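> Let me begin by handing over the structure; questions about it come next.
The values are calculated or read from the model by the stated rules, or taken from the named source; none is laboratory data. What you see is a predicted model; the values in this text were computed from it and never measured. Every residue, glycine as well, gets a Cβ built from its backbone with ideal geometry; the counts of neighbours run over all protein chains shown.
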Amino acid sequence: MEAFGLLLHGFQVLLTFKTLLLMLVGLVLGIFVGVLPGLGGPNGVAILLPLTFTMDPTSAIVMLSCIYWGALFGGAITSILFNIPGEAWSVATTFDGYPMAQQGHAAEALTAAFTSSFIGSLVAVLLITFLAPGIASFALRFGPPEFFAVYLLTFCSFVGLGREDKHKTIISMALGLLLAGIGMDTVSGQLRMTFGSNELLRGINFLVAVIGLFGISEILLTMEERLALRGHAAKISLRVVWSVWKDLPKYWVTLLRSSAIGCWLGITPGGAIAASFMGYNLAKRFSKDKDSFGKGRIEGVFAPETAAHASGTAALLPMLALGIPGSGTAAILLGGLMVWGLNPGPLLFVEHKDFVWGLIASMYLGNIVGLVIVLSTVPLFAAVLRVPFAAIAPMIVVSCAVGAYAIQNAMFDIWLMLGFGVVGYVFKKIGIPLAPFTLALVLGNRAEDSFRLSMIGAEGDMRVFWSNGLVGSITTLAIVLLFWPLIAGGFARLRGKPAKPAIGEPE
Amino acid sequence: MADPEPEIVVDDPTAPASDSPAVTGTRTVGMVTCLLLLAFSALMAWDNWRTGITWAFDGPKAGYFPFYLSVILGAASLYGFFKSFLDKASAGDSFVTSDQLRRVLQVFIPTFLFCLITQWLGLYVASFLLVAGFMRYIGRIAWWKSLLTSFIFTLAMFVTFELAFDVLMPKGPIEALFGR
């Protein structure tokens with residue numbers, strides 16, 4: 001019940017005119033970001049981050065997280081009306097959403113998508129409300145060895161559980177960790193890898209890299225494709241909303257299953273993309289009428305949208321409680337925390353109650369308001385796509401540059417952003433995943449610091465990572481996950497069966 | 001049920017043709033990237049070796065972690081290089097076709113120029129030139145529309161960042177005339 005009281009306090013923080021206004025602005029901007037080609041959740045949040053530099057942290061996080069909710073809602077609009085997934089996590093929504101629009105049921109499909117998004121995030125927010133404080137207070141007992149073990153677990157699970165080629169994940173992660181180390185070493189104060197350059201002294205800022213990797217490279221990739229689109233206009237009437245909502249109880253199993261999948265994959269570094277596919281595939285597998293999937297079945301919209309939203313929201317749980325982001329966007333919000341002068345980690349729950357509970361309360365309110373906004377303004381946002389890309393592309397470039405410059409007031413960062421844009425473009429095309437890179441870049445220094453602090457505490461004895469049950473089991477789990485493909489392969493061979501492909505795979 | 005006529009149609013007359021010849025293959029780019037990463041990791045390893053990669057009495061020195069990360073990066077790149085090298089099956093996969101490259105350069109070159117102009121003339125001038133120029137020359141949108149859109153956009157950015165949110169951008173001689 002303590003969580004409930006704190007949540008009420010959060011609503012008190014939230015319910016001021018200024019915060020509510022910022023919330024609305026954030027949601028509308030977020031929906032734009034989700035609808036526009038060449039902009040997605042992570043880079044949308046990264047580009048708009050500078051707007052928040054002069055705000056107090058609570059207003060800032062409310063606005064940024066609302067941009068994120070908006071982007072999650074917006075992705076569904078283009079998937080259903082135009083068969084163009086605005087975001088990777090809405091690919092699975094096109095499977096049944098677009099056929100529904102073709103059959104003249106666009107309004108139903110959109111209502112289903114928005115409603116299930118809402119349900120998915122509501123489940124995840126409930127989880128955060130009641131689980132995060134517990135995890136944070138448990139983590140308060142963590143010392144440097146425990147923190148290092150948790151970081152190690154995060155990195156190892158990326159390598160072991162990721163579906164990309166292992167060497168590509170390792171390249172991406174090692175490069176990120178290496179770049180994170182550039183500049184002044186925080187433990188000894190020594191300079192490293194700066195090659196005498198004053199610009200590199202500051203180190204490579206994580207947000208600059210993200211803006212380049214996701215913003216600039218995404219525009220380059222978008223230009224490669226055919227930008228023509230044909231789609232349906234849709235207007236959602238109250239009657240349609242009511243008819244979809246009336247049928248909701250029939251699909252409670254699908255909704256619940258997808259929410260659970262989403263929450264799980266959001267907390268572990270599986271991400272919203274895997275969650276949406278897995279939600280869709282499982283709904284199909286358990287359905288009595290498998291063949292009707294892909295031909296405009298409303299369940300085929302419910303399942304992936306619920307999972308994607310649940311996962312996107314649940315990704316904030318480890319970020320809030322442990323300071324470890326569960327997704328790219330969560331990583332950027334974490335970068336934001338540092339810019340606003342907050343120290344991510346379990347202490348947030350003790351030292352910045354207003355901030356944490358304001359954020360959690362904004363998740364509830366933001367999703368309700370977001371649902372109302374998207375339901376009532378779909379035609380407006382669909383019309384945004386009529387604006388030619390030749391006008392949108394340069395504006396995105398300018399916004400990226402503004403974002404990159406504002407972080408440290410450095411012209412060098414604009415060039416760095418351009419460089420990362422090219423790197424991101426090449427990496428995406430040759431299949432090197434960018435998520436491990438961003439994670440490594442944002443966590444690299446913290447991981448190294450905690451390792452070296454544990455070493456100072458233990459006088460250089462590596463056994464400190466197995467010194468008690470807690471840290472020992474996390475470290476062991478990390479190593480098991482790192483070698484998970486080998487272990488799973490070994491088990492499969494023992495039973496004489498080939499290893500099964502992961503269920504998250506699109507079929 | 002019949003497919004209702006699409007209500008929103010946007011065309012892309014300069015779209016890359018699907019039969020445009022490939023400029024280079026994914027395998028080649030993969031190999032080149034791995035070699036570049038290998039060279040980068042060697043450079044980093046050397047610099048960290050200078051910084052000190054041994055253990056002091058209180059744990060690793062500043063270069064210890066980055067040194068071994070460079071080694072891991074180098075090893076993974078080397079593996080990636082040979083994997084692509086031996087993977088003859090995917091040799092035909094296109095990395096970028098000439099039409100696609102043309103379109104990518106259409107964005108990349110203006111972006112590069114934009115960064116250059118930002119350095120000399122300030123961000124807002126560069127922003128105005130980029131948006132107007134891009135809309136006019138790449139998008140073939142009418143002059144007055146391009147200039148007007150660009151002016152409104154730049155002004156909106158200026159008001160939002162400089163005036164409303166106090167986020168200062170690099171300025172050049174033209175902004176100085178206005179006393180900013």
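Rundown of residues vs (1) facing another protein chain (nearest Cβ under 9 Å); (2) surrounded by fewer than 22 Cβ atoms within 10 Å (Cβ to Cβ), yes/no style:
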| residue | (1), (2) |
| --- | --- |
| B:ILE117 | no, yes |
| B:GLY122 | no, yes |
| B:LEU130 | yes, no |
| B:PHE134 | yes, no |
| B:ILE141 | yes, yes |
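> Would you point out which residue out of A:GLY189, A:GLY176, A:GLY196, A:GLY162 is closer than 28 Å to A:TRP484 by Cα and modelled with pLDDT under 80?
A:GLY162
> Just one of A:SER287, A:SER362 is surrounded by 24 or more Cβ atoms within 10 Å (Cβ to Cβ), in contact with a helix residue (DSSP H, G or I) (Cβ under 8 Å, 6 or more places away or on another chain) and among the hydroxyl-bearing types (Ser, Thr, Tyr); which is it?
Being surrounded by 24 or more Cβ atoms within 10 Å (Cβ to Cβ), in contact with a helix residue (DSSP H, G or I) (Cβ under 8 Å, 6 or more places away or on another chain) and among the hydroxyl-bearing types (Ser, Thr, Tyr) holds for just one of A:SER287, A:SER362, which is A:SER362.
> Something else: What do you reckon, is A:GLY296 more than 20 Å from A:VAL123 (Cα to Cα) and in contact with a His (Cβ under 8 Å, 6 or more places away or on another chain)?
yes
For (1) farther than 30 Å from B:PHE114 by Cβ; (2) among the small types (Gly, Ala, Ser); (3) within 11 Å of chain B (Cβ to nearest Cβ), each residue gets a yes or a no:
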{"site": "A:ASP185", "(1), (2), (3)": "yes, no, yes"}
{"site": "A:GLN190", "(1), (2), (3)": "yes, no, yes"}
{"site": "A:LEU227", "(1), (2), (3)": "no, no, yes"}
{"site": "A:LEU238", "(1), (2), (3)": "yes, no, no"}
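> Ok, one more. Name the residue that is surrounded by the most Cβ atoms within 10 Å (Cβ to Cβ), counting only residues in segment A:405-431 that are of a type in the set (Gly, Ala, Ser) and either facing chain B (nearest Cβ under 10 Å) or more than 12 Å from A:ALA209 (Cβ to Cβ) (or both).
It comes out as A:GLY421.
> Can you tell me which residue in segment A:222-238 is nearest to A:MET338 (Cα to Cα), limited to those that are buried (at least 17 other Cβ atoms within 10 Å of the Cβ) and modelled with pLDDT of 80 or more?
A:THR222
> Return the residue satisfying two criteria in turn: it lies in segment B:99-113 and is touching a Pro at 6+ places or on another chain (Cβ under 8 Å) and over 9 Å from A:LEU220 (Cα atoms), and of such residues it is nearest to the other protein chains (Cβ to nearest Cβ). Quick ask: steps written out before the conclusion?
First, pick out the residues of segment B:99-113 that are touching a Pro at 6+ places or on another chain (Cβ under 8 Å): B:99-100, B:102-103, B:110.
Those still in the list that are over 9 Å from A:LEU220 (Cα atoms) too: B:99-100, B:102, B:110.
Working: B:ASP99: 9, B:GLN100: 4, B:ARG102: 10, B:PRO110: 7 Å.
Filtering first and then ranking leaves B:GLN100.
> Continuing with this model, one more query. Do you know which residues across segment B:18-37 are more than 10 Å from chain A (Cβ to nearest Cβ), in contact (Cβ under 8 Å) with a residue 12 or more places away in the chain and not hydroxyl-bearing (Ser, Thr, Tyr)?
B:PRO21, B:ALA22, B:VAL23, B:GLY25, B:LEU35
> Filtering segment B:60-79 down to residues that are small (Gly, Ala, Ser) and at pLDDT 90 or above, which residue is surrounded by the fewest Cβ atoms within 10 Å (Cβ to Cβ)?
B:ALA75
> Residue by residue through segment A:384-404, note down the ones that are touching a residue at least 40 places away in the same chain (Cβ under 8 Å) and more than 23 Å from the chain's Cα centre (by Cα). Reasoning before the result, please.
So in segment A:384-404, the residues touching a residue at least 40 places away in the same chain (Cβ under 8 Å) come out as A:384-385, A:389, A:392-393, A:396-397, A:399-400, A:402-404.
Of everything in segment A:384-404, those that are touching a residue at least 40 places away in the same chain (Cβ under 8 Å) and more than 23 Å from the chain's Cα centre (by Cα) turn out to be A:VAL384, A:LEU385, A:PHE389, A:ILE392, A:ALA393.
> Continuing with this model, one more query. In segment A:432-440, is there at least one residue being at the interface with chain B (Cβ under 10 Å from one of its Cβ atoms) and not in a loop (DSSP other than H, G, I, E, B)?
yes
> Of all the helices (runs of 4 or more DSSP H) wholly in segment A:1-100, which have at least 3 residues that are modelled with pLDDT of 85 or more and buried (at least 24 other Cβ atoms within 10 Å of the Cβ)?
A:17-35, A:57-82
> Let me ask another. Can you name the number of the only condition in (1) of a type in the set (A, V, I, L, M); (2) touching a residue at least 24 places away in the same chain (Cβ under 8 Å); (3) out of contact with any Gly (no Cβ under 9 Å at 6 or more places or on another chain) that A:LEU15 fails?
Condition not satisfied by A:LEU15: (2).
> Search segment B:153-170 for residues that are within 16 Å of A:LEU48 (Cβ to Cβ) and at the interface with another protein chain (Cβ under 7 Å from one of its Cβ atoms) and pair each with any residue that is of a type in the set (Ser, Thr, Tyr) and in a loop (DSSP other than H, G, I, E, B) when their beta-carbon atoms are under 7 Å apart and the residues are at least 6 apart or on different chains.
B:PHE165/A:THR54; B:ASP166/A:THR54; B:VAL167/A:THR54
> Mind checking whether some residue in segment B:89-96 is at pLDDT 85 or above, within 9 Å of chain A (Cβ to nearest Cβ) and closer than 30 Å to B:ALA126 by Cα?
Yes, the conditions are met somewhere in segment B:89-96.
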